[in-house]
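Encoded as structure tokens, the structure appears first; notes follow it.
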Amino acid sequence: MKQVSHYSRRKAAIWLVALLAVFSAAALRAERTRYWRQSTFDEFERGTAKGVALRSDGKLLLAPRFAPVGDPNTAYLWAIRADSKGNLFAAGGSGAKVIRLDASGKSSVFFESAELSAQALAMDAQDNLYVGTSPDGKIYKVSHTGEKKIFFEPKTKYIWAISVDTDGTVYVATGDTGMIYAVTPDGRGDVFYKSDQAHIRALAFDRQGNLLAGTEPDGRILRISKSGAAGKARQGFVLYETSRKEITSMIVDAAGNLYAAAIGDKSRTSGPGFIPSADNPPQGQPITGTQAPGGANINFGGQGQQPPQTAPFVPLAAGGGSAVYRLAPDGSPQQVWSSRDSLVYSLGFSPSGKLLLGTGNRGTVIQLDGDNLFTSLAKTESGQVTGLTQGAGGKVFLCTANPGKVFSMGPEDMSEGTFESQPMDARIFSTWGRLEWWGENSGETSAGRPHVEVFIRTGNTSNPDSNWSSWAGPYSKSGQKVEAPSARFAQWRAVLRSGSPSPVVSWVSLSYMPKNLPPQVDGIAIQDPGVRVLGIPGTGGTGPSIPVRLKQPDVPGATSAPLFGAPAQGDRQTSRFDPPAQGGMQKGYQSVLWTAHDDNDDELTYRVYYRGEGEKEWKLLKENVREKYFSWDTSSLPDGAYYLKIVVSDAPSNPPAEFLEGSRESDRFVVDNAPPDLSGLEAVAGESATQALIRFMARDSASAIARAEFSLDAGDWTLVYPAGRLSDSLEERYEISLAKLSPGEHTIAVRVYDRFENVSAAKLTFRAPIAAR
């Protein structure tokens, strides 16, 4: 018993602590002024940036200058390179081609072939371009004047990567057989390395001149020495096996660190990046054409009839997340970035040596500023950033797919950028207060204009449109009162201007006050007679001992308002927790449960009133009720029919002159504490000497008679039906036929119950046989 008692006390203590925490939180939310504050990467990521970069620690800053370069007019670009004269070459499809863009951005077709796509590019010291095509891949060599020739045919399906060594040797990474070929400058090629992997997807050189290779499907990074014993196959050494399926890109920095991007889930069994669909069937099935992700058609080249071919690889993975790893010169690995959603297709370096990630499937360029600290620099209008390369003047160039575009980035920052937040839903018509924000280097530019200005607009539709207010502002100092019309929705826009150093915005906050709306009682549930409700179970003490299931209030059409944008402080999403009510049987008690809400999420109190049937005025039963239930002993009330009224008030959260109330009336219910009247108990002779008839009447003033029972000579209680068999009236007549009575004295006890379990009893002593009257 002591252990049970200890457990009960402990359980009660836990409930009390939870309840105190709830009430403390409710008190904090009772403040009428609320704040919409944005300060994290996730919050800012929902907004729209133009010329503004977003850092993973929740900082807004000016992005590098970002601009389109010409228009390649193609669906996909897979690789990009720059020559010594500042020309750009972007390889892609549909239809294998290389687009040349000169320093002015003028584009022209530099190379075409009959294959499906040009997916790999490399440039040697003489500005000769090497183009790898797929499927049934070939290597083409194209001089700086545009003269092309087939340089090498590896007799394999895919060419994934090409790297040119300092001595002019061209290394070619292939699939489906996972081989690397070494091709001399005169075009003679041999197998350099044969892997047990299906695909060699990426190539690089370390500082010692060893060849590095990234594979699929095991996501391995291999080191392969160029030197090898005559007549013996070269052995690759696995530097690291990633947790991902496919290495998509590798690059080595000036310090000798190798960075490798890996994507995909190793549980997938199809080829690298392959997406099976009706238009892109599994490899090995003949097709006449295919459609890459995003709906862009890839043609096989040529006109008219297209011969059946094996389904091409489309290097755009459907998902599975990605990660970037750094292998130090000694080979020790470290994961420096990861994402469940973004996929890294290309790697490059900024002019300052920071690692750049070309990602999909939102076409974003990300810069790693440190381990697990990154900046989203720019977002293209394409699905994937598939190639990165450094060009003249410190610029970085990138190519994309879906659609195929070329962009330049940097080296200088944008002179001005804007950031628009996602609209905030205050849920209730609100007035707006002060706009606060904080950032670094927010003074004035050399031209006397603020480095940072913030604007506000408001409206009553979930998406900003022409029916919203005009932008109010600019506000160049934190804490200024905004002049925006009262409304339900709000949005802010920050303008950043370049300076030395550039401005940084860390957080933005807008105060507002929702219009106070009256609280509402949504539903009322009168419990069965004799039920007592307790809020917190296990607190000990006297009370109901037989638990019952409580009736719950019915709330027709109850819905919650949709949320647009990040939740504002005090939103109903964080509404207070009500401990579950518990119920048990206790004679004489009546209970009521109700539901209520307040759109302002104010703290609420309740008053309970009652009124007898036929009466006009409500009488106070209980005030200052904090819970959504009430139980009371009805013994002080006369029997009869009654109604309850629940009044809800938001007074605890509002000034005395501004609080509001709401109310709802209950259904009719009956109080009946008086036992039924049992009368006319008599015994009369039956049809034989051993038979007797027992007769009596039962009446009740408030509720129907529920049942009657009798006991003969202290025997078991036996149920007896009324004369009409149904117990559904305030008055019932009973007749009990007793047969085979032994001669002598007998005692019969009867008892009757009304529907509230009130009971009356009586007894009668008689002798058998009974003389006939």
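Some observations on this one:
- Selection from the range 414-427 of residues that are open to solvent by less than 10 Å² (accessible area, probe 1.4 Å) and part of a strand (DSSP E or B): G417, F419, M424, D425, A426
- Residue match in the range 524-531 (condition: β-branched (V, I, T), open to solvent by less than 10 Å² (accessible area, probe 1.4 Å) and at pLDDT 95 or above): no
- Taking the criterion of being touching a Pro at 6+ places or on another chain (Cβ under 9 Å), crowded, with 21+ Cβ neighbours inside 10 Å and at pLDDT 95 or above, the residues of the range 451-467 that qualify are V454, R457, T458.
- Within the range 242-256, being touching a residue at least 60 places away in the same chain (Cβ under 8 Å) and hydrophobic (A, V, I, L, M, F, W, C) holds for M250, I251, A254, A255.
- Taken residue by residue, the range 132-154 has no member that is within 25 Å of Q367 (Cα to Cα) and modelled with pLDDT of 95 or more.
- Filtered residue count, the range 352-387, keeping only those that are under 20 Å from K59 (Cα atoms), under 23 Å from the mean Cα position of the chain (by Cα) and in a loop (DSSP other than H, G, I, E, B): 1
- Subset of the range 669-686 [β-branched (V, I, T) and closer than 30 Å to L593 by Cα]: V670, V671
- Counting the residues of the range 754-773 that are open to solvent by 30 Å² or more (accessible area, probe 1.4 Å) and assigned to a strand (DSSP E or B) gives 7.
- Subset of the range 125-139 that is surrounded by fewer than 22 Cβ atoms within 10 Å (Cβ to Cβ) and under 26 Å from E246 (Cα atoms) - its residue that is farthest from the chain's Cα centre (by Cα): K138
- Residues being open to solvent by less than 20 Å² (accessible area, probe 1.4 Å) and within 18 Å of L343 (Cα to Cα) - total across the range 389-406: 5
- Considering the range 54-91, and only residues there that are part of a strand (DSSP E or B) and within 28 Å of S511 (Cβ to Cβ), the residue that is most open to solvent (accessible area, probe 1.4 Å) turns out to be R55.
- Subset of the range 167-180 [over 18 Å from A79 (Cβ atoms) and touching a residue at least 24 places away in the same chain (Cβ under 8 Å)]: G168, D176, G178, M179
- The range 209-222: number of residues that are touching a strand residue (DSSP E or B) at 6+ places or on another chain (Cβ under 9 Å) and assigned to a loop (DSSP other than H, G, I, E, B): 4
- Residues located in the range 97-124, provided they are outside any strand (DSSP E or B) and under 41 Å from the mean Cα position of the chain (by Cα): L116
- Looking only at residues of the range 166-194 that are farther than 18 Å from S249 by Cβ and of a type in the set (S, T, N, Q), we find that the one that is surrounded by the fewest Cβ atoms within 10 Å (Cβ to Cβ) is T166.
- Residues that are open to solvent by 20 Å² or more (accessible area, probe 1.4 Å) and closer than 30 Å to D413 by Cβ, drawn from the range 92-112: R100, D102, A103, S104, K106, S107
- Among the residues of the range 628-660, the ones that are surrounded by fewer than 17 Cβ atoms within 10 Å (Cβ to Cβ) and within 30 Å of P529 (Cα to Cα) come to 7 in all.
- Qualifying residues in the range 367-376 (those that are at pLDDT 95 or above and open to solvent by 10 Å² or more (accessible area, probe 1.4 Å)) - the one farthest from I251 (Cα to Cα): S376
- The range 321-350, residues that are open to solvent by less than 30 Å² (accessible area, probe 1.4 Å), assigned to a strand (DSSP E or B) and among the polar types (S, T, N, Q): S322, S339, S346
- Under the condition of being of a type in the set (A, V, I, L, M) and open to solvent by 30 Å² or more (accessible area, probe 1.4 Å), the residues counted in the range 661-677 number 2.
- Of the residues making up the range 738-752, at least one is out of contact with any strand residue (DSSP E or B) (no Cβ under 8 Å at 6 or more places or on another chain), of a type outside the set (F, W, Y) and either open to solvent by 30 Å² or more (accessible area, probe 1.4 Å) or outside any strand (DSSP E or B) (or both).
- The one condition in (1) modelled with pLDDT of 95 or more; (2) buried (at least 19 other Cβ atoms within 10 Å of the Cβ) that E115 fails to fulfil: (1)
- Filter result for G132 (under 15 Å from G175 (Cβ atoms) and in contact with a strand residue (DSSP E or B) (Cβ under 9 Å, 6 or more places away or on another chain)): yes
- Residues of the range 111-159 that are in contact (Cβ under 8 Å) with a residue 60 or more places away in the chain and small (G, A, S): S113, A114, S117, S134.
- Applying the criterion of at least 3 residues that are farther than 27 Å from A674 by Cα and modelled with pLDDT of 55 or more to the strands (runs of 3 or more DSSP E) found wholly in the range 542-597 leaves 589-597.
- Residue match in the range 511-518 (condition: crowded, with 23+ Cβ neighbours inside 10 Å and among the small types (G, A, S)): no
- Out of Y606, Y589, one residue alone is surrounded by 19 or more Cβ atoms within 10 Å (Cβ to Cβ) and within 25 Å of E757 (Cα to Cα). It is Y589.
- Test result for I200, open to solvent by less than 20 Å² (accessible area, probe 1.4 Å), over 40 Å from the mean Cα position of the chain (by Cα) and aliphatic (A, V, I, L, M): no
- For the criterion of being open to solvent by 60 Å² or more (accessible area, probe 1.4 Å), at pLDDT below 50 and either touching an Asp or Glu at 6+ places or on another chain (Cβ under 9 Å) or part of a helix (DSSP H, G or I) (or both), R10 passes.
- Lone qualifier among S486, S470 - being free of Cβ contacts under 8 Å to residues at least 60 places away in the same chain and open to solvent by 50 Å² or more (accessible area, probe 1.4 Å): S470
The values are calculated or read from the model by the stated rules, or taken from the named source; none is laboratory data. On a predicted model such as this, the values are computed, not experimentally measured, just so you know. A quick note on method: Cβ atoms are made from the backbone with ideal geometry, for glycine too, and the neighbour counts reach across all protein chains shown. Note: accessible area is taken over every heavy atom of the protein model, side chains too, but ligands, DNA and RNA are not part of it. Shrake-Rupley method; radii C 1.70, N 1.55, O 1.52, S 1.80 Å.
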